[in-house]
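Structure, as structure tokens:
The values are calculated or read from the model by the stated rules, or taken from the named source; none is laboratory data. Everything numeric here is computed off the predicted structure, so don't read it as measured data. Because the Cβ atoms are built from the backbone with ideal geometry, glycine has one as well, and the counts that use them run over all protein chains shown.
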Amino acid sequence: MTGVNDDVRPGREGPPGRAELLRVEGVTKAFPGVKALDGVDLRLLAGEVHVLLGENGAGKSTLIKMLAGAHRPDTGRIVVGGREVAVRSAQDAERLGIATIHQEFNLVPGLTVAENVFLGRQPRNRLGLVDRRTMNERAARLLERVRLRVPPTAPVAGLGIAALQMVEIAKALSLDARVLIMDEPTAVLTSGEVATLFGIVRELRDSGVGVVFITHHLEEIAALGDRVTVLRDGRSVAEVPASTAEDELIRLMVGRDVTEQYPRRRTPAGAPLLRVRGLTRRGVAGAPGFEDVDLEVRAGEVVGLAGLVGAGRTEVARAVFGVDRYTAGSVEVDGRVLRPGDVRAAMRAGVGLVPEDRKAQGLLLDAPLHDNLTLARLHRDTRAGLVDRRAQRREAAAMAGRLKVRMSGLEQPARTLSGGNQQKVVIGKWLLAGVRLLILDEPTRGVDVGAKVEIYRLVNELTAAGCGVLMVSSDLPEVLGMSDRVLVMARGRVVGEVPGGDQGPAAQDAVMELAVRHAEGTETGGETGGQTGGEAGRQTGRETGRQTGGDKGNTSAMEGSDVG
Amino acid sequence: MSAEAAVRAPGTAPAEWFTRAVLRNGPLGGLVALVAVMAVLSRDFLHGRNLLNVGVQASVTAVLAFGVTFVIVSAGIDLSVGSVAALSATVTAWAATSQGLPVVAALPLGLAVGVVAGLVSGALVAYGRLPAFIATLAMLSVARGLSLVISGGSPIAFPSALNHLGDTLGGWLPVPVLVTVAMGLLAALVLARTYTGRAMFAIGGNEEAARLSGIDVKRRKLVVYALSGLFAAVAGIVLAARLTSAQPQAATGYELDAIAAVVIGGASLSGGSGKASGTLIGALILAVLRNGLNLLSVSAFWQQVATGLVIAMAVLLDTLRRRSTR
């Protein structure tokens, strides 16, 4: 990412002389029970990168789906190139020169790169058959432009997430898009990949394309953006230059000052709650192993688990909770040994796990919220085989209120909540199950600033009530800021401990030093070595994202794009 | 939702109102529409006796379909229910008639056969990790084969005490309809209120999330297929009682009717949704269609075409309905 911040060009506040590509005026959109958009204005000029900023649930997704033809506005206007238009379908958007790169890619894994780029628009020869040679040649030229070094004939299935994104961009280029919308494109990339992406976006911008760029990483705004439109509660609340200070952007986004980013309130640690001794499992394909892991969590304590991707943190968390078996070692809760590979035994002992991938592992996406909230206490609410549904609803309503879940009602399907609210529901499920030791695996991934702080407050409440928390996180400031102690893992082993509470660069360096030194020889180690702690923190987060995100990208591409 | 439709009704054309009512009320709307059409086309259709006849015709499919609902809600499929129904009836008749066992022993034996068949399918799915389609396809073949083996290929007279299950009470109320109502209430209770029922929705909605929330997924799957087998056994015994004999080739192809009834009733084959009431409506739609077409003297060949069209229409309407409420 070197060189990103010193790219300050004159006149990047968007001079009025540039042509207007797209204008959204006073657009509103209501879904049953929710007003998703409540008066949004957006003005995109040719040759600018326009950042769309807002918390989860602020309406960003609805807005870009509207521009992509998936939703239609209830009121308001969309103006493209000076003419009011109706974007009724993806084809309409394509004709208007609007291309959207969603977080979940629309690629067909079984087809080649070239076939994906020209999907549905393959060049034909005189017989009406696909002209493979022309297609591959044209694809090769596009791949050149996005600096993707794979042959056009390579199947998409084998590509990493960054490459998939480049294929999507190549597809947008092949459509001659004038407006390119990118929904959190950097969330799953490593720093190196982000730098490449920024280079390509700048080239596009300089060639006159207007880019709408969504990101949760505030530092990327100054690095890449020209102007920022901030959405809050479905309204556009401000249009400011990208050089606006981060504090001010957060204030605009959240609507208040977020004074403490990591409001950890320490509670005196009590008796040992969780004791893991000599936990060992050999790695298998796709899941790294771990060796001789010792750790302890006391009542009232937050213990962080930091490290690079593939260090085995998630695997340890899963083994402790009984999801996966282990070959040696023991897990004790309150001095009693848990049966390996038995989730229910762990639950009976008061352990809960908020998994890494909430959509795939944490939620019943199409089930109502009350079912999701009470899932882990189903046993407890059962008497003589019959479930006390009334009690369940009562408990669910109380918990949703306590967690301030933003919803239209308990019948709302979990799928339609924003990321932060979904995560609150997963945590609420364990609170309702009467958890005493909560394992959080990447608790704030894809969660906006406001909901993050609420989740941290919940952690404080838990420890104040004498519970213990084991927090796996790749976000270094977070894991340092919220933990009382941070254990660092590398290559399946716990390689050191760092005190928590201080999330400054020195502490981050100390963690990375441990994580990288013991993971010597890996690509990540070499890359991060010379960078500052903050950069390295991002690095670990991105690495994690790439692995899980890669699988996700593939499956979602197979399922199509009907999400939401 | 229906209140909303009612509010909007004034001011819209009747045809539009009708379409909207069907769309909003899903399967029930479809059934009402179908009954209305049949009543107009055939004078005999709405007679009480004929309607009870429809109920009898729907009963076996409905009971089978209640069992299949459990499986489909948990994102599985059970192709074996027709064969299992025949096997259960055959074993019951064989035990009572050929072996001279008292009915109080033969009946539980027949029901137990259904449960065991379900447990075997369930074990193959949950522990053997076979796809449900394959495991139950195998059971379809095995159960059919066993009922042929046991019966030697020919019908066995059903014990007369059990033939009352096919009777009509007080000259008008058919017992199969009573059995259907009882099994329907049982299915509704299981789905809505029991631990296993709620677990079915969780497993069908997201099996991994269910497992990580402490649902004993494997054991619940066993129970789900065992319940399906039990319902199949009840259906088989009702069918044999109506025919007064257990026929080894009975209920061939009924599994597809049962699946169709569940799907017409609004359940999703990808799991996580489904209702006993919807399944009952689905079975009634199929029965009304067959009965009505019979009354109209439509040939059996064209009836098959019509049934296929109704299945496609029903699911299409349901898909549209869901999309419009999204």
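Say we look at the range B:128-167 and pick out the residues that are of a type in the set (S, T, N, Q) and surrounded by 14 or more Cβ atoms within 10 Å (Cβ to Cβ); which of these is farthest from B:Val116 (Cα to Cα)? Explain how you work it out, then say what you get.
Taking the range B:128-167 first, the residues of a type in the set (S, T, N, Q) are B:136, B:141, B:147, B:151, B:154, B:160, B:163.
After this cut, where a residue has to be surrounded by 14 or more Cβ atoms within 10 Å (Cβ to Cβ) as well, the list is B:136, B:147, B:151, B:163.
Working: B:Thr136: 13, B:Ser147: 14, B:Ser151: 19, B:Asn163: 24 Å.
Selected residue: B:Asn163.
Taking the criterion of being under 35 Å from the mean Cα position of the chain (by Cα) and either surrounded by fewer than 15 Cβ atoms within 10 Å (Cβ to Cβ) or on the phi > 0 side of the Ramachandran plot (or both), the residues of the range A:120-136 that qualify are A:Gly120, A:Arg121.
Hey, among A:Gly81, A:Gly76, which residue is surrounded by fewer than 17 Cβ atoms within 10 Å (Cβ to Cβ) and touching a residue at least 60 places away in the same chain (Cβ under 8 Å)? Quick ask: steps written out before the conclusion?
Working: A:Gly76 fails: touching a residue at least 60 places away in the same chain (Cβ under 8 Å).
One residue alone meets the criteria, A:Gly81.
Checked against (1) outside any loop (DSSP other than H, G, I, E, B); (2) within 14 Å of chain B (Cβ to nearest Cβ), A:Leu364 meets all criteria but (1).
Yes/no matrix, rows are residues, columns are (1) part of a helix (DSSP H, G or I); (2) within 14 Å of chain A (Cβ to nearest Cβ); (3) surrounded by fewer than 24 Cβ atoms within 10 Å (Cβ to Cβ); (4) modelled with pLDDT under 95:
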{"residue": "B:Arg198", "(1), (2), (3), (4)": "yes, yes, no, no"}
{"residue": "B:Arg211", "(1), (2), (3), (4)": "yes, yes, yes, no"}
{"residue": "B:Val224", "(1), (2), (3), (4)": "yes, no, no, no"}
{"residue": "B:Ser228", "(1), (2), (3), (4)": "yes, no, no, no"}
{"residue": "B:Val234", "(1), (2), (3), (4)": "yes, no, no, no"}
{"residue": "B:Ala241", "(1), (2), (3), (4)": "yes, no, no, no"}
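Can you tell me which residue in the range A:13-46 is farthest from A:Thr62 (Cα to Cα), limited to those that are modelled with pLDDT under 85 and away from chain B (no Cβ under 14 Å)? So the residue we want is A:Gly17.
Does A:Asp342 meet the test of being within 21 Å of B:Lys218 (Cβ to Cβ), out of contact with any His (no Cβ under 6 Å at 6 or more places or on another chain), without any contact (Cβ under 8 Å) to a residue 24 or more places away in the chain and of a type in the set (D, E, K, R)?
Values: within 21 Å of B:Lys218 (Cβ to Cβ): yes; out of contact with any His (no Cβ under 6 Å at 6 or more places or on another chain): yes; without any contact (Cβ under 8 Å) to a residue 24 or more places away in the chain: yes; of a type in the set (D, E, K, R): yes.
In short, yes.
Among the residues of the range A:457-472, is there at least one that is charged (D, E, K, R) and more than 18 Å from A:Gly428 (Cα to Cα)? Talk me through it step by step, then tell me what you get.
Filtering the range A:457-472 down to residues charged (D, E, K, R) leaves A:457, A:461.
Those still in the list that are more than 18 Å from A:Gly428 (Cα to Cα) too: none.
No, the range A:457-472 has no match at all.
Would you mention how many residues in the range B:170-193 are in contact with a Leu (Cβ under 6 Å, 6 or more places away or on another chain) and facing chain A (nearest Cβ under 8 Å)? So the count comes out to 1. Looking only at residues in the range A:314-349 that are over 28 Å from the mean Cα position of the chain (by Cα) and on the phi > 0 side of the Ramachandran plot, the one that is surrounded by the fewest Cβ atoms within 10 Å (Cβ to Cβ) is A:Gly335. The residues of the range A:350-361 that are facing chain B (nearest Cβ under 7 Å) and either over 26 Å from A:Ala319 (Cβ atoms) or assigned to a loop (DSSP other than H, G, I, E, B) (or both) amount to a single one, A:Pro355. Restricting attention to the range B:257-273 and to residues that are touching a Leu at 6+ places or on another chain (Cβ under 8 Å) and either surrounded by fewer than 23 Cβ atoms within 10 Å (Cβ to Cβ) or among the small types (Gly, Ala, Ser) (or both), the residue that is nearest to the other protein chains (Cβ to nearest Cβ) turns out to be B:Gly272.
Only one residue in B:Asp216, B:Asp167 is of a type in the set (Asp, Glu) and more than 14 Å from every other protein chain (Cβ to nearest Cβ), so which one is that?
Working: B:Asp216 fails: more than 14 Å from every other protein chain (Cβ to nearest Cβ).
B:Asp167 is the lone residue from the list that is of a type in the set (Asp, Glu) and more than 14 Å from every other protein chain (Cβ to nearest Cβ).
Scanning the range A:319-337 for residues that are out of contact with any helix residue (DSSP H, G or I) (no Cβ under 9 Å at 6 or more places or on another chain) and within 14 Å of another protein chain (Cβ to nearest Cβ) yields a total of 1.
The set of residues from the range A:413-433 being part of a loop (DSSP other than H, G, I, E, B) and either among the small types (Gly, Ala, Ser) or surrounded by fewer than 21 Cβ atoms within 10 Å (Cβ to Cβ) (or both) comprises A:Ser418, A:Ala433. For the range A:429-461, the set of residues classified as touching a Lys or Arg at 6+ places or on another chain (Cβ under 8 Å) and closer than 24 Å to A:Gly59 by Cβ consists of A:Thr444, A:Ala451, A:Glu454, A:Ile455, listed by residue number. Has the range A:456-474 got any residue that is of a type in the set (Lys, Arg) and more than 17 Å from A:Leu308 (Cβ to Cβ)? Yes: one or more hits.
Evaluate the following for A:Gly312: is it away from chain B (no Cβ under 12 Å) and in contact (Cβ under 8 Å) with a residue 60 or more places away in the chain? Answer is yes for this residue. Scanning the range A:273-305 for residues that are of a type in the set (Asp, Glu), on the phi < 0 side of the Ramachandran plot and in a strand (DSSP E or B) yields A:Glu291, A:Asp294, A:Glu296. Here's a check for you: in the range A:440-464, which residue that is within 22 Å of A:Leu365 (Cβ to Cβ) and of a type in the set (Val, Ile, Thr) is modelled with the highest pLDDT? In this case the residue turns out to be A:Ile455.
Of all residue pairs spaced 6 or more apart or on separate chains, those with beta-carbon atoms under 7 Å, a first member in the range B:290-309 that is charged (D, E, K, R) and a second member that is in a helix (DSSP H, G or I) are B:Arg290/B:Gln57; B:Arg290/B:Gln303.
Restricting attention to strands (runs of 3 or more DSSP E) lying wholly within the range A:455-513, give those where 2 or more residues are within 21 Å of A:Asp357 (Cβ to Cβ) and within 24 Å of the chain's Cα centre (by Cα). Give the steps one after another, and end with the answer.
Working: elements: A:468-472, A:485-490, A:493-499.
Answer list for the range A:455-513: A:468-472.
Considering the range A:338-349, and only residues there that are out of contact with any Asp or Glu (no Cβ under 8 Å at 6 or more places or on another chain) and basic (Lys, Arg), the residue that is farthest from the other protein chains (Cβ to nearest Cβ) turns out to be A:Arg339. For the range A:367-403, a residue qualifies if it is buried (at least 20 other Cβ atoms within 10 Å of the Cβ), at the interface with chain B (Cβ under 10 Å from one of its Cβ atoms) and part of a helix (DSSP H, G or I), and the qualifying residues are A:Asp371, A:Asn372, A:Thr374, A:Leu375, A:Ala376, A:Arg377, A:Gln392.
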